[in-house]
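Structure first, commentary second.
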Amino acid sequence: MSNSSAPCANQIDVAIIGGGQSALAVAYFLRRAGIGYVVLDDQPAPGGAWQHTWDSLHLFSPAQWSSLPGWLMPATSGQYPSREHVIRYLTEYEKRYEIPAQRPVHVTSVAHRGNRLLLSSDHGEWLANAVVSATGTWARPYIPEYAGLADFRGDQVHSAHYRNPERFRGRRVLVVGGGNSGAQILAELSQVCHVTWVTLEAPTFLPDDVDGRVLFERATERWKAKVEGRPDPVPAGGLGDIVMVPPVREARERGVLNSVRPFVRFMNDGVVWADGTRSQVDAVIWCTGFRPALEHLRPLNVVNAAGRVDVVEGRSVVEPGLWLVGYGEWCGFASATLIGVMRSARSAVAEIKDYLSSSKEQTA
Ligand code: FAD
């Protein structure tokens, strides 16, 4: 723990915790505003969660609809860019805007130090006037409770750690989860092994012509309606619904996009269904989502019972010098996407600029 009075070597106006797409969008606007900042990221290289997704993952929007502020993502030959293309883009983006990312630095806590915030990490401390938490969700994969799970002797892999279908070839696999990850991993696995898709309810497939572009337009319409105080104007359908990217469309042509309702419990070599029948299972792929990675904020007492932070447009209601960016709809419409995070990043930096100047006036 830090010595509460010792001077801190690293003093900065703004510290951004996390170095993925959300952090880079915030960095772009801080740089443009001439505000001093640092990015602290616990990964060895740029790219955030994209470094850890499965090999065949592609964006669900074309390149120009997957761009961070200031620089359009270079076009690709295929309709949707690959994960490698995204990682190259994020890496080049950091160089292009000379983003001061320090890696690997894992921030373990953010605490008060007078009227500033002290960040403690495995590579030193930073004393900041304002903090932007952009740590994403990949570090906190979620697996639901199931009776007998501890007895199950088969393989278990969360989508956060799934790479490719090879290790499952010829085996009996359950894919659990009805979102984009579940559909895309089912599509891939169903070509090499026997897969059963388990979803809480019948999955919602978006029309073939609805991809990330339309989802971003819908999010923008919802954002405008909210700003103007109008009711939600667009049909339901957001990032949780399944975008019919080419591999999922191909799986539909093969007739494999059928899901069943959940089993009731595990046995050591399989599962028991609601009707009492049993299936032997060799492996389970959990495509059951993530939770925000916010452990580092616990010392500020801002993490609520739902594991989120109460915010207004991304700014903590409790801690005036804290902003959250990129965690999903609760901290900004479409903020968990490359194109959507621009809006959240721009509004956060506008508020940070006002906050810093008023703080300086008070201490002058
Ligand atoms: P991340 O990319 O997770 O980056 C957070 C960074 O912070 C990571 O490097 C992490 O290691 C680091 N970190 C965490 N905790 C700490 C700490 N305590 N100290 C220091 N560093 C820390 N988005 C799109 O725009 N288009 C798409 O087509 C798309 N498709 C997707 C498909 C799937 C299946 C999934 C799961 C997601 C998809 N996304 C898509 C969403 C996108 O991948 C994520 O929303 C995005 O990676 C979030 O960016 P981020 O910067 O907020 O978080």
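The values are calculated or read from the model by the stated rules, or taken from the named source; none is laboratory data. Values in this document were obtained by computation on a predicted structure and should not be read as measured data. Using ideal geometry, Cβ is built from the backbone for each residue, glycine included, and neighbour counts are taken over all protein chains shown. Just the protein is used for accessible areas: all its heavy atoms, side chains included, with ligands, DNA and RNA removed. Shrake-Rupley method; radii C 1.70, N 1.55, O 1.52, S 1.80 Å.
Both radii were evaluated on the Cα set of segment 147-188; the Rg over Rh quotient, with Rh as the Kirkwood radius, amounts to 0.96. Across the chain, C-alpha contacts under 8 Å between residues 6 or more apart give a mean separation that, scaled by the residue count, equals a relative contact order of 21 percent. Note on the chain: with neighbouring protein chains present and a 1.4 Å probe, carbon and sulfur make up 52 percent of its accessible heavy-atom surface.
Using a probe of 1.4 angstrom and keeping all protein chains present, the accessible surface of the chain works out to 46 square angstrom per residue.
Spin-label model, Thr91/Glu361: points 7 Å from Cα along the beta carbon direction are separated by 4.6 nm.
Of Met267, Met244, the residue with the largest accessible area leads and the full order is Met267, Met244 (1.4 Å probe). DSSP beta bridges confined to segment 1-127 are antiparallel in about 60 percent of cases.
Taking label positions 7 Å along the Cα-Cβ direction at both Ala225 and Glu351, the computed distance is 2.3 nm, reported to one decimal.
Estimated from the Cβ-Cβ distance and a Förster radius of 35 angstrom, the FRET efficiency linking Arg140 and Asp55 is about 0.95. Value of Rg to Rh for the chain, rounded to two decimals, is 1.00; Kirkwood radius and Rg both from alpha-carbon coordinates. With a simple spin-label model that places each label point 7 Å from the Cα along the Cα-to-Cβ direction, the separation between Glu166 and Asp151 comes to 3.5 nm.
If both residues of a DSSP beta bridge must be in segment 159-298, then about 35% of such bridges are antiparallel.
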